[in-house]
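Comments concern the structure below.
The values are calculated or read from the model by the stated rules, or taken from the named source; none is laboratory data. This is a predicted model, so every value here is computed, not measured. Counting neighbours? That spans all protein chains shown, and the Cβs are built from the backbone with ideal geometry, glycine included. The area values use the complete protein model at the heavy-atom level, side chains included, leaving out ligands, DNA and RNA. Shrake-Rupley method; radii C 1.70, N 1.55, O 1.52, S 1.80 Å.
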Amino acid sequence: MVKLDIHTLAHHLKQERLYVNSEKQLIQRLNADVLKTAEKLYRTAWIAKQQRINLDRLIITSAEASPAECCQHAKILEDTQFVDGYKQLGFQETAYGEFLSRLRENPRLIASSLVAGEKLNQENTQSVIYTVFTSLYGNCIMQEDESYLLQVLRYLIEFELKESDNPRRLLRRGTCAFSILFKLFSEGLFSAKLFLTATLHEPIMQLLVEDEDHLETDPNKLIERFSPYQQEKLFGEKGSDRFRQKVQEMVESNEAKLVALVNKFIGYLKQNTYCFPHSLRWIVSQMYKTLSCVDRLEVGEVRAMCTDLLLACFICPAVVNPEQYGIISDAPINEVARFNLMQ
């Protein structure tokens, strides 16, 4: 009887050992699959961000980047082949990896280095910032990378904006390290995309439906949009009191339409504040807390900077170019609608 019990126990233990080994092997295979998928995700995200940077070069700095050059660069990015570090670095890969890991985990050092580098060589600062964001912090795909980058932005507020003689002008210029890194971060933040889509899709679609005329508010520019024949037909004889009165009436009508549009956008912004990204809210709060302590800055100016950060650096670019931010994808934007969005 005892031998039977021992035999049964041995059989169960063997079965459990086989089961445990099987589970271990399954977990190892799953971990390997996760690593492969994560590596593929990082590579895809890197190429996508480089393509976005290339597109921005074409749109914003078209004088410096020709369409042919940008197309060639896009083709190169599509054909990019990634090589494992050890194949190039050999035994030194471990040292490089440890160095990059220590650097990644020190946001204060990165922020101070970017500010110092910006003072020494303004031209190369942008490419260095791109490298920090896309490579060192992996486009902030992982939560840990996002947390580190938020700290980098906080230190940039302290080291760059706080020390500037005119921080608001520096921020609005959009070429400082903080502005560039904030733009990269906000464009890639998934919660930011959700907020912009929820907030702007409906009012932009309504504007596209109603885009009959340019909503011009400058009388001189308004007149230039019409041929001499159209001017006479719409406003009467040029130089007459009736002409000036008709022009002013059209300007006032366009202003009223713009006010209605702006109020519509503001209404949608208010409706969707509940889904405003927590990360961006934290950055704004850090900017306000840090700059409010500066004696030379009034509270009103600090609030204006926070407004600039949200509007000029985050919301307005998405309003002007909604297709680039994925807000609309099924409706073309003609020249009239684009002008009205900019207005």
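The table below gives the values:
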{"quantity": "In degrees, nearest ten, helix 143-156 long axis to first principal axis of the chain (Cα)", "calculated": "50 degrees"}
{"quantity": "Cβ-derived FRET efficiency at R0 56 Å, Gln245 paired with Ser329, nearest 0.05", "calculated": "0.80"}
{"quantity": "Directionally averaged shadow of region 181-228, computed from the convex hull of its alpha-carbon atoms, nm²", "calculated": "5.7 nm²"}
{"quantity": "Degrees separating the helix 278-292 axis from the principal Cα axis of the chain, which is the longest one", "calculated": "70 degrees"}
{"quantity": "Largest-first ordering by accessible area, 1.4 Å probe, given options Arg102, Arg29, Arg43", "calculated": "Arg102, Arg29, Arg43"}
{"quantity": "Surface per residue (accessible, 1.4 Å probe) for region 190-342, Å²", "calculated": "58 Å²"}
{"quantity": "Rg to Rh, two decimals, where region 190-342 supplies the alpha carbon set and Rh follows Kirkwood", "calculated": "1.10"}
{"quantity": "Among the listed pairs Lys221/Lys264; Lys49/Lys289; Lys119/Lys221; Lys24/Lys49; Lys183/Lys264; Lys257/Lys289, those beyond 29 Å (Cα-Cα)", "calculated": "Lys49/Lys289; Lys119/Lys221; Lys24/Lys49; Lys257/Lys289"}
{"quantity": "Nearest-20 debye value, the chain charge dipole, Cβ charges on Lys, Arg, Asp, Glu", "calculated": "880 debye"}
{"quantity": "Estimated translational D of region 93-235 in µm²/s (Stokes, Kirkwood radius over Cα pairs; 37 °C; 0.692 mPa s)", "calculated": "176 µm²/s"}
{"quantity": "Chymotrypsin sites (Phe, Trp or Tyr not before Pro) lying in DSSP loop within region 14-103, provided at most 14 other Cβ fall within 10 Å", "calculated": "Phe82"}
{"quantity": "Principal axis dimensions, largest first and in whole angstrom, of the chain by Cα", "calculated": "118, 49, 45"}
{"quantity": "Loop trypsin sites (Lys or Arg not before Pro), region 258-343, which have at most 16 other Cβ atoms in a 10 Å radius of their Cβ (DSSP)", "calculated": "Arg296"}
{"quantity": "P(r), alpha carbons of region 284-343 - 5 Å bins starting at zero, rounded %", "calculated": "4, 17, 20, 15, 11, 10, 9, 8, 4, 1"}
{"quantity": "Proximal aspartates and glutamates to Lys162, defined as alpha-carbon separation beneath 20 angstrom and excluding residues fewer than eight positions away on the same chain", "calculated": "Glu118, Asp295, Glu298, Glu301, Asp308"}
{"quantity": "Top positive-direction residue, dipole computed over the chain with Cβ charges, set Asn54, Phe178, Gly85", "calculated": "Gly85"}
{"quantity": "Accessible surface of the chain, 1.4 Å probe, proportion on carbon and sulfur as whole %", "calculated": "56 percent"}
{"quantity": "Order by protection proxy (mean Cβ within 10 Å, highest first), peptides 108-120, 248-260", "calculated": "108-120, 248-260"}
{"quantity": "Rounded tilt (10° steps) of 241-271 against the dominant C-alpha axis of the chain", "calculated": "20 degrees"}
{"quantity": "Under 17 Å from the Val34 label point (7 Å along Cα→beta-carbon), backbone N, region 122-159", "calculated": "141-145"}
{"quantity": "Cα-based convex hull volume of region 251-324 per residue, rounded to whole Å³", "calculated": "129 Å³"}
{"quantity": "Candidate residues Ile157, Ile27: accessible-area rank, largest first, probe 1.4 Å", "calculated": "Ile27, Ile157"}
